[in-house]
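Okay, structure first, notes after.
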Amino acid sequence: CRGPLYVVDHDFGRFSVGISSRIGISAGKDRLWRFYIKGNRFVSRRG
């Protein structure tokens with residue numbers, strides 16, 4: 001890690017969590033260890 005981790009209690013409203021394989025690695029690529037907010041424009045995508 002490169003710095004502190006902040007956890008903020010903020011009202012983001014309802015959202016759906018997506019789960020996928022990790023991007024840009026070869027070790028453990030079959031594991032679904034990537035969690036993200038579906039439809040979030042800041043989430044990187046394949047392709």
Using the structure shown, decide if residue 45 is part of a loop (DSSP other than H, G, I, E, B), modelled with pLDDT of 85 or more, exposed (fewer than 10 other Cβ atoms within 10 Å of the Cβ) and out of contact with any Cys (no Cβ under 8 Å at 6 or more places or on another chain). no
Residues in the stretch 14-22: is at least one assigned to a loop (DSSP other than H, G, I, E, B), under 13 Å from the mean Cα position of the chain (by Cα) and surrounded by fewer than 10 Cβ atoms within 10 Å (Cβ to Cβ)? yes
Could you list, in sequence order, all residues of the stretch 13-25 that are of a type in the set (Gly, Ala, Ser) and at pLDDT 80 or above? 13, 16, 18, 20, 21
Every residue in the stretch 26-42 that is small (Gly, Ala, Ser) and either closer than 25 Å to residue 12 by Cβ or modelled with pLDDT under 75 (or both), please. 39
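The values are calculated or read from the model by the stated rules, or taken from the named source; none is laboratory data. As the structure is a prediction and not an experimental result, all values here were calculated from the model. Note that we place each Cβ from the backbone using ideal geometry, even for glycine, and neighbour counts take in every protein chain shown.
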